[in-house]
Amino acid sequence: MKHKFNIELIFWLGALIWLFLDNPLENHFTLCPIKNLGFSFCPGCGIGHAISFLLHGNFKQSFDSHPLGIFALIVIIHRIIILTKKYLPTFKHTKL
């Protein structure tokens, strides 16, 4: 059986693992192009911190970081489930 390699699945799993292991209270490098250009407001900034706070069980800090953090985490987990069902082999159980 040939195994399929899905970069998107690995990316989302890696991102959630990274956000879980990350300390959201520390300042670090940002990938946001708007913030890197020097603008102070970006509608997406804080969503990574919000997801990280959620993964650590800090719901209030998550909502304070970005109100859509819970929604984003649900969407990412849903996407991981869809990709896992699609790319991991299914096993059929047979009666003995």
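Each value in this text was obtained by applying a stated rule to the coordinates, not by laboratory testing. Here the structure is a predicted model, which means the values were calculated and not measured. Every residue, glycine as well, gets a Cβ built from its backbone with ideal geometry; the counts of neighbours run over all protein chains shown.
Remarks
- For region 52-68, backbone phi angles converted through the Karplus equation (6.51, -1.76, 1.60; θ = phi - 60°) give residue-by-residue couplings of 4, 4, 4, 5, 9, x, 9, 5, 5, 5, 4, 5, 5, 6, 6, x, 9 Hz, Gly and Pro being listed as x.
- Under the Karplus curve 6.51 cos²θ - 1.76 cosθ + 1.60, θ = phi - 60°, whole-Hz ³J(HN,Hα) for region 40-48, x wherever Gly or Pro sits: 8, 10, 9, x, x, 5, x, 5, x
- Cα-projected label distance for Glu8 with Asp22, points at 7 Å along beta-carbon direction, nm: 2.2 nm
- Close amide H contacts of His56 (hydrogens built in the peptide plane, cut-off under 5 Å, sequence separation of 5 or more or a different chain): none are found.
- With R₀ set to 41 Å, the beta-carbon distance separating Leu37 from Ile82 gives a calculated FRET efficiency near 0.75.
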